[in-house]
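Working notes, structure below.
The values are calculated or read from the model by the stated rules, or taken from the named source; none is laboratory data. Bear in mind the structure is a predicted one, so any value in this text is a computation, not a measurement. Here Cβ is always computed from backbone atoms with ideal geometry, including for glycine, and neighbour counts include all displayed protein chains.
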Amino acid sequence: MRIGAHELSTNLFLSPLAGYTNLPFRVTLRELGGLGWATTDLVNARSLIERNRNALKMVESSPEDRPLAIQLFGSVPEEMRDAALMCEEMGAQSVDINMGCPVKKVVKIGGGSAMMTELDKTAALVRGMIKAVKIPVTAKMRLGWDDDNLTAPDLARVLEDTGVAAIFVHGRTRAQGFSGRVNLAGIRSVVKAVKSIPVIGNGDVTTPVAAKHMLEETGCAGVSIGRGAFYDPWIFRRTAQYFESGELLAEPPFTERVRVMRRHFERYCEFYGEDHGARLFRKVAPWYAKRFGPAKPFKQRIITIRSRTDFETVLAEYIEWRSQYCDEEGELLPRFALGPMTASFMSDEAEPAGLNRSAIPVPKGPVDVW
Ligand SMILES: Cc1cc2nc3c(=O)[nH]c(=O)nc-3n(C[C@H](O)[C@H](O)[C@H](O)COP(=O)(O)O)c2cc1C
C-alpha cells in the first residue's frame, strides 16, 4: 500500500502512544520486522515551532527510523502550517494531524476540539498545511463524540476532498474512552465514505488473527496497532508473516523477550541519559513481564531502577528465581506455561473460535486528547 508516493513494505502501522512511541521503541520494533510505518507521539505544533526542548525530543529520529510520520496537534492554522513545514525540513515522510471530537456542544463546554466541529474551518486549516508541504498529510480520528454523533465518515469525506493522503480511525467514540470493544462497522462506514484514499483501521488488535479480522470486517487498507505492540513487539513481524503465508509464527521464547527488552532499555539510556532513561523504563519493562510467566519479584523491583547496573541486577536475580519454574531449556514447565495471546473484538459477529475477548489494559498517560 501507499501513503502519498511512499510504497510501504507492509500495511501495518504503529499507532501513536504518547510517552511510549519514542525513537527507542520505534527502532526496536523496526528491527524486529514487519512494521510498515510509524508515527511519533502527539506533538504540540506551537511547542515545536517555538523549539521547545521536549517537543524537539519527541520528533528526534534516525536514519533507520523510516518511514516516519510526525503527529501534530493544534488548532491555529498558521502554527499547524509552520510546524508541518518544520517536520518536512527535519526529514519526516509525512505529517499526521490529531483530530479530537467533532460536536459543537462539547466544544462549548470546553471538552472537545474546535477543529472538528467546523468542517469548513478544519478543511481550511488542513488545506493550508497541504499547500505548504510536499510530504503527505494524514489525519487520525475517532468515530465521533458518541453513538449519536458518528461524524467520522463526513469528516473523512471532507478531508479527502481537501487532499489528505490517508485516514487513521480508532473505532471508538470519544465518549467511550477505552471501554467496550472496537466498532468494526463504524470503521467500515469510514472506509465506505471515502473515494480512493486508504483508511487504516485501529483498535484492540493484539494478535495477527485480530489484524486479519479487522481487514476483513472493515475493508480497511491497513491496520494500526498501539497497545498490542507493547504486549507483543513481534506482532508486526508475526502479522506480516500471517498475511503473507497464513502461517502463525510461534511467540518468541523468554530468552528472546529478554534480549529485546535489554536492547530497548539500552536505547532508553542512550536516548534519555542513563538516570532518566532507567526511570522512564520502569513503566515499559512491566509490559515485557506480562509474557514472562511468574514475574512478581521482577515487577516489584524493576520499578525502582536508576541505572544500567540496577537493571542488570534485577534481571539476573529474576532469571535465577524464575528457574524454579523452568525445565532444563529454560522454558516454563507446562503447569506454569502461559496460554496463547488473546484478542479482543468489538464485533459480535464472526468472532474466530477460541479467541478470548479480554479487554486490553490501557497504559498510564494523558489519554483524554484522543
Ligand atoms: C497511553 C496512550 C497514549 C496515546 N497517545 C496517542 C497520541 O499521542 N496520539 C493519538 O492519535 N493517539 C494516541 N493514543 C491512541 C492510540 O493511538 C490508539 O488509537 C488507541 O490506543 C487504540 O488502539 P490500540 O487498541 O491498538 O491501542 C494513545 C493511547 C494510549 C493508551
Practice task
Working carefully through the options 229, 221, find the one that is among the hydrophobic types (A, V, I, L, M, F, W, C) and either surrounded by fewer than 18 Cβ atoms within 10 Å (Cβ to Cβ) or more than 30 Å from residue 263 (Cα to Cα) (or both).
Solution key: 221
Practice task
Please enumerate the residues belonging to the range 198-228 that are basic (Lys, Arg) and either away from the ligand (no atom under 14 Å from the Cβ) or touching a His at 6+ places or on another chain (Cβ under 6 Å) (or both).
Solution key: 212
Practice task
Assess whether residue 189 counts as being hydroxyl-bearing (Ser, Thr, Tyr) and away from the ligand (no atom under 16 Å from the Cβ).
Solution key: yes
Problem - Output for the range 96-138, where each listed residue is modelled with pLDDT of 95 or more and within 13 Å of the ligand (Cβ to nearest atom) - result: 96, 138
Exercise for the section: Quick one: in the range 25-40, of everything that is within 10 Å of the chain's Cα centre (by Cα) and among the hydroxyl-bearing types (Ser, Thr, Tyr), which residue is nearest to residue 266 (Cα to Cα)? Expected result: 40
Exercise for the section: Could you tell me which numbered condition residue 41 fails, if it satisfies all but one of (1) within 11 Å of the ligand (Cβ to nearest atom); (2) crowded, with 24+ Cβ neighbours inside 10 Å? Expected result: (2)
Handout entry: All positions within the range 189-239 that are hydroxyl-bearing (Ser, Thr, Tyr) and touching a Phe, Trp or Tyr at 6+ places or on another chain (Cβ under 6 Å)
Key = 206, 224
Exercise for the section: May I ask you to verify whether residue 76 is buried (at least 21 other Cβ atoms within 10 Å of the Cβ), away from the ligand (no atom under 15 Å from the Cβ) and modelled with pLDDT under 95? Expected result: no
Practice task
Look at residue 232 and say whether it is over 20 Å from the mean Cα position of the chain (by Cα) and either within 16 Å of the ligand (Cβ to nearest atom) or outside the structural domain of residue 171 (by TED's automatic domain parsing) (or both).
Solution key: no
Practice task
With the condition kept exactly as written, say whether any residue in the range 132-145 is surrounded by fewer than 22 Cβ atoms within 10 Å (Cβ to Cβ), in contact (Cβ under 8 Å) with a residue 40 or more places away in the chain and more than 27 Å from residue 35 (Cβ to Cβ).
Solution key: yes
Completion exercise
Among (1) at pLDDT 85 or above; (2) within 21 Å of residue 189 (Cα to Cα); (3) part of a loop (DSSP other than H, G, I, E, B), residue 143 falls short only on (3)
Practice task
Give the number of residues within the range 182-205 that are in contact with a Lys or Arg (Cβ under 7 Å, 6 or more places away or on another chain) and touching a residue at least 60 places away in the same chain (Cβ under 8 Å).
Solution key: 4
Exercise for the section: Taking residue 165 as the residue in question, decide whether it is closer than 14 Å to residue 97 by Cα and more than 14 Å from the ligand (Cβ to nearest atom). Expected result: yes
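Per-residue answers, yes or no, for (1) at pLDDT 95 or above; (2) under 26 Å from residue 18 (Cβ atoms):
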| site | (1), (2) |
| --- | --- |
| 263 | yes, yes |
| 266 | yes, yes |
| 272 | yes, yes |
| 275 | yes, yes |
| 303 | yes, yes |
| 315 | yes, no |
| 322 | yes, no |
| 332 | no, no |
| 337 | no, no |
